[in-house]
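Every read-out reported here was derived from the displayed coordinates using simple, explicitly stated rules and does not represent laboratory data. The structure presented is a predicted model; accordingly, all values stated were derived computationally and were not measured.
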Amino acid sequence: MPEASDEKITLIPDVLIIGGGNAALCAALAARETGASVLLLEASPRAWRGGNTQHTRNLRCMHDAPQDVLIGSYPEEAYWQDLLGVTEGHTDERLARLVIRASSTFRPWMHKHGVRFQPPLSGALQVAKTNAFFLGGGKALINAYYRSAEAMGIQIRYDMPVDALELKDGHFVAALCGGQRIAARACVLAAGGFESNRQWLREVYGQDAHGEWPADNFLIRGTRFNQGVLLKFMINAGADTVGNASQSHCVAIDARAPRYDGGIASRIDCISLGVVLNRKAERFGDEGEDFWPKRYALWGRLVAQQPGQLGYAVIDAKPLGKFIPSMFPGTQAASLAGLAHALDLPEASFLHTLNAYNAACRPGTFDHTTLDDCHTEGLLPPKTHWALPIDTPPFFGYTLRPGITFTYLGLKVDPTAAVHFGGQPSDNLFAAGEMMAGNILGLGYAAGIGLSIGTAFGRIAGTQAARQRPGGDHAH
Ligand SMILES: Cc1cc2nc3c(=O)[nH]c(=O)nc-3n(C[C@H](O)[C@H](O)[C@H](O)COP(=O)(O)OP(=O)(O)OC[C@H]3O[C@@H](n4cnc5c(N)ncnc54)[C@H](O)[C@@H]3O)c2cc1C
């Protein structure tokens, strides 16, 4: 069985890949395509393979004319402007443009490795201009890549969390995993961020004024295996980094989601159509400030600052049908007092907040598809759009918690995906995916960019690593 991990690894592969998500598999496949022998080490058991990539749905692709599942056009400049907008300039233009151009070549290559795309769904045509959706989602993407990797003779080992590397002056020598020492001619690090490492998150988010450790209550939307062990190892080994540990993509999600791997099904999409309260039944943000995804990524942080790291989104019957329904039904009540009781919130404060909000709503023309003119007056914090009184039963409440998607801290790389030490590129150690995404996505997010970065740099890293093998054009 290729996945038997208790078997000692004796042969020295040309290329060692550490990680088992999109970036790792793209690197492994690209390296193998050049003829290199490849060994891939995935920390998780086989059933949980694929990291955060399992939870994905689409990738962002540049194209100048309609192509297979993509409609219209999405030229390089439009993609670049979108990236510049979401990152507020925290991006390396040279690396970003490299990803953007490469994204026009992804789909035929992915198709060759068994990935299938689905035609745009009606109602999602805006996204169909920029993003290609996988048939079967990220899980199918991952399964296709693993199947292709096995068929091509890539060695895969599960349950292999690498603890450390043996490096010599920035040169990769071996990986250390449990009691094993695994040497290779070159190595690609594709082991994701550190979002699942509670201790590291605790260090970053600290203790709040209430004596709580907010990070203890964060839900991790993806895999539990992204512990950042190698990221920390590399930082301690003197590798150059990008971004800072305090940045993460953090959204407000359904508090009923599991602690790990809740994925996109835990989304709560009605925040802008109602109000959000904390445990004291007080509002703490402008729910109508902007559209998703801008507001989406804002609310995780806002909820994280509240006592108990809890928020409560409250709507009445009017917005029903105007947002993506939640996986589990909300808490329902026939009156506002009944909803306060059902959510276990202080009734007097709840009614005071709702009455003050309702009284502050000014008449306007409600339109949830534009930044409409329905706003509050004389209320703090204000609600600047989509402010309609919450007065039509039944009423619904959704308890929210912060949900971390990924962290931004990563390793600095150059266009060859080489890891740098003191400004000098390593000759045989490369990084791809979330481990270096911060070079391009230093802040913010736009749907489908994570996988574009991982696919582009995974293929580059794999190809570069393969050049170190005997007969490769960088062989010593
Ligand atoms: C819910 C959710 C939805 C998302 N949707 C999208 C989307 O639709 N489109 C998009 O572009 N992006 C999306 N993203 C972001 C996307 O998941 C990431 O950008 C992308 O998957 C990163 O790929 P990766 O290979 O770098 O990391 P991952 O896919 O997370 O893989 C990391 C791998 O490294 C392994 N690993 C970790 N530590 C070690 C170790 N020490 N030794 C060995 N192996 C190790 C893990 O087990 C895992 O297999 C989403 C993220 C989440 C959480």
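Details
- Helix 137-151 axis, angle to the chain major axis (alpha carbon atoms, nearest 10°): 10
- Plainly put, the stretch 204-278 has a radius of gyration that is 1.04 times its Kirkwood radius, both from alpha-carbon atoms, as the Rg/Rh ratio.
- Exceeding the 19 Å Cα-Cα cut-off - candidates LYS139/LYS412; LYS280/LYS322; LYS112/LYS412; LYS168/LYS232: LYS139/LYS412; LYS280/LYS322; LYS112/LYS412
- For the chain, the antiparallel share of DSSP beta bridges with both residues in that region comes to about 75%.
- For the stretch 250-403, the Kirkwood hydrodynamic radius comes to 15.2 Å, computed from all pairs of different C-alpha atoms.
- The alpha carbon radius of gyration of the chain, expressed as a multiple of 2.2 N^0.38 Å, is 1.04.
- Residue-averaged 222 nm ellipticity for the chain, from DSSP H runs of 4+ at -39500 (n - 2.57), nearest 500: -8000 deg cm²/dmol
- Taking every C-alpha pair closer than 8 Å and separated by at least 6 residues, the mean separation divided by the residue count of the chain gives a relative contact order of 23 percent.
- With Cα atoms, 0 to 90° folded angle of helix 93-102 axis to the chain main axis: 80
- Here's the list of lysines a cross-link from LYS383 could span, going by alpha-carbon distance under 16 Å and ignoring same-chain residues fewer than 8 apart: LYS294.
- Euclidean distance between Cα centres, the stretch 229-269 to the stretch 69-132, Å: 23
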